[in-house]
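This report concerns only the one structure given below.
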Ligand code: NA7
């Protein structure tokens, strides 16, 4: 039986750094990974066109100056294969592989009050003991495949974007259907359309998407950014609401300007400039886009017009224009030729908002009495976000308390990091943290560094275990809800709100108070004798 100070679950961006950092601090540690390789999200999401939507200079580790200086990204937004190469490089460079057990899923984690240890069970039937359990299980890692009627009859091939096969899938000459029009669909549709004989897209809710303006990374540009890398990272932490700030290739101080205090001409110019920059840059245009309905409407109208400009057939264009929910309250998408793809002869858009998919048949699917013959179906139907991966593990704390039951009305955490009654169990990029709205690589580094300090303190003081108080947890949940209620987020049926999964409680699943505030709360808690926590 394995026996460790720390078990890390998951070998994606967060888990790899947790393994590296906590091992360096002298803990015996083992990382368990369900996949056959490292990468997490970037291991599983191999669908055509998969790439990051935050510029790679920013969406990468900052814990090692040498690493960030030596790694050269080939494109502004790295594709999945390059991200996987990067993560394998990091794994080897820091000699992490020897402490990772692959092809092993943690199926259960039970806390033993008598010994104060966690007893974990693996999919191979092993039992492992650990003092600390670090869940780096990802917030978009439990794919959602809706139970469509008759799916078992369908004889064609089925693919799930979040669990894409390892080998290249060839769509040449085939009639392909894509269900969903979120970020994964928007990235894969243009690529699949180039190969398939016929592509039919089944859309329930159109998303807002902006051209990514991806391209090869200019070496001059690369050198320019790297010369100021430390400064860039500091600004990402201190000033950038989403943890990213590059604009038109420049390190630009995030704006403090509000929409309310600008003129219509200034707004138009600012939106145009950021649209030219591409991708998620529009989030940075004004500070009040997510709290001021008028500001939000204005930006939404601007993007709607851009969508209309990109689609030739006005009827199709109107189907693609999002309505009825505020822009940015579902994650903005960054695309390469997404809307232009609907100008192709081999691509058809089917609106399933009011006429949902009736059922699958042996040879395709039926909508509103019309049969769509298909050879392949791609489910780009998203994830049971934030809580899904943890829910799929049988986690039991003090007195056999089950995490899934305790979270029935929504996740209960303090700082999105720990739960009362589950001592020494930590979530990295977890529910009610900023994982979904702040750059998760940076967030995970911050949380893991904090954890390293916390473990050192516990060791030095001969104390432990640590867990939050119920009062601190209650206050955190209230705060998350209060902040969300002051924004436009609750208006959208998004995965931020748990609204994409039928039956899931509709509560905000992320902290919207911003990273500087989040970090301050963490640091103050530690400085104040772990205020909000109970330490044995
Ligand atoms: P998303 O953004 O959750 O998109 C899922 C899509 O699938 C979305 O268009 C959904 O429509 C659609 N969907 C889900 N269930 C159904 C059913 N039952 N019928 C029809 N259509 C359905 O997931 P992604 O993987 O694209 O992106 C996730 C994140 O990864 C993204 O935000 C980025 O941060 C990266 P709906 O909107 O629910 O009507």
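Among the residues of the stretch 426-440, at least one is in contact (Cβ under 8 Å) with a residue 12 or more places away in the chain and over 24 Å from residue 54 (Cβ atoms). Just so you know, in the stretch 211-230 the residues that are farther than 30 Å from residue 172 by Cβ and touching a strand residue (DSSP E or B) at 6+ places or on another chain (Cβ under 9 Å) include one that is nearest to the ligand (Cβ to nearest atom), and it is 217. On inspection, residue 282 does not qualify as in a strand (DSSP E or B), touching a residue at least 12 places away in the same chain (Cβ under 8 Å) and either within 16 Å of the ligand (Cβ to nearest atom) or in the same structural domain as residue 435 (by TED's automatic domain parsing) (or both). Restricting the search to strands (runs of 3 or more DSSP E) fully inside the stretch 322-414 and requiring at least 2 residues that are in contact with a strand residue (DSSP E or B) (Cβ under 8 Å, 6 or more places away or on another chain) and away from the ligand (no atom under 12 Å from the Cβ) gives 347-351, 357-361, 364-367, 370-373, 394-396. Remark: residue 462 matches the filter, which requires a residue to be more than 15 Å from the ligand (Cβ to nearest atom) and over 26 Å from residue 396 (Cβ atoms).
Does residue 508 satisfy being surrounded by 18 or more Cβ atoms within 10 Å (Cβ to Cβ), touching a helix residue (DSSP H, G or I) at 6+ places or on another chain (Cβ under 6 Å) and not assigned by TED's automatic domain parsing to the domain that holds residue 398? Answer is yes for this residue.
Here is a check on your reading of the model: is residue 60 within 30 Å of residue 378 (Cα to Cα), in contact with a helix residue (DSSP H, G or I) (Cβ under 7 Å, 6 or more places away or on another chain) and not in a helix (DSSP H, G or I)? For residue 60, the condition - within 30 Å of residue 378 (Cα to Cα), in contact with a helix residue (DSSP H, G or I) (Cβ under 7 Å, 6 or more places away or on another chain) and not in a helix (DSSP H, G or I) - is met. When residue 233 is tested against (1) away from the ligand (no atom under 16 Å from the Cβ); (2) in contact with a strand residue (DSSP E or B) (Cβ under 9 Å, 6 or more places away or on another chain); (3) part of a helix (DSSP H, G or I), just one condition goes unmet, and that condition is (2).
Pairs are defined by a Cβ separation below 8 Å, a sequence spacing of at least 6 or placement on different chains, a first member in the stretch 139-162 that is at positive phi, and a second member that is at pLDDT 95 or above and away from the ligand (no atom under 13 Å from the Cβ); the pairs so defined are 150/361.
Applying the criterion of being assigned to a loop (DSSP other than H, G, I, E, B) and within 14 Å of the ligand (Cβ to nearest atom) to the residues of the stretch 164-205, the residue that is surrounded by the fewest Cβ atoms within 10 Å (Cβ to Cβ) is 204. Cβ separations smaller than 7 Å between residues 6+ apart or across chains give the following pairs from the stretch 382-395 residues that are touching a residue at least 40 places away in the same chain (Cβ under 8 Å) and closer than 12 Å to residue 429 by Cβ to residues that are within 14 Å of the ligand (Cβ to nearest atom) and not in a loop (DSSP other than H, G, I, E, B): 385/495. The residues of the stretch 1-57 that are assigned to a loop (DSSP other than H, G, I, E, B) and touching a strand residue (DSSP E or B) at 6+ places or on another chain (Cβ under 6 Å), listed by number, are 1, 11, 27, 28, 33, 53, 55. The set of residues in the stretch 147-163 being near the ligand (Cβ under 10 Å from one of its atoms) and either loosely packed, with under 14 Cβ neighbours inside 10 Å or assigned to a strand (DSSP E or B) (or both) consists of 147, 160.
Annotation note: Cβ proximity below 7 Å between a residue of the stretch 332-343 that is more than 9 Å from residue 186 (Cα to Cα) and a residue that is assigned to a strand (DSSP E or B) and away from the ligand (no atom under 16 Å from the Cβ) (sequence gap 6+ or interchain) occurs for 341/347. A Cβ distance below 6 Å, combined with a sequence gap of six or more or placement on separate chains, defines the contacts here; from the stretch 525-536, residues that are outside the structural domain of residue 415 (by TED's automatic domain parsing) and part of a strand (DSSP E or B) reach residues that are surrounded by 15 or more Cβ atoms within 10 Å (Cβ to Cβ) and at pLDDT 95 or above in the pairs 533/466; 533/468; 534/467; 535/466.
Restricting the stretch 291-321 to residues that are in contact with a helix residue (DSSP H, G or I) (Cβ under 7 Å, 6 or more places away or on another chain) and in a loop (DSSP other than H, G, I, E, B), the residue that is nearest to residue 348 (Cα to Cα) is 311. When 502, 490 are checked against the criterion of being surrounded by fewer than 17 Cβ atoms within 10 Å (Cβ to Cβ) and either within 16 Å of the ligand (Cβ to nearest atom) or farther than 18 Å from residue 418 by Cα (or both), a single residue qualifies: 502.
Within the stretch 469-500, being out of contact with any helix residue (DSSP H, G or I) (no Cβ under 8 Å at 6 or more places or on another chain) and outside any helix (DSSP H, G or I) holds for 469, 486, 487, 492, 493, 494, 498, 499, 500.
Can you tell me which residue among 254, 241 is part of a loop (DSSP other than H, G, I, E, B), outside the structural domain of residue 446 (by TED's automatic domain parsing), touching a residue at least 12 places away in the same chain (Cβ under 8 Å) and farther than 29 Å from residue 39 by Cβ? It is 254.
The values are calculated or read from the model by the stated rules, or taken from the named source; none is laboratory data. Given the structure is predicted, the values throughout are model-derived calculations rather than measurements. A quick note on method: Cβ atoms are made from the backbone with ideal geometry, for glycine too, and the neighbour counts reach across all protein chains shown.
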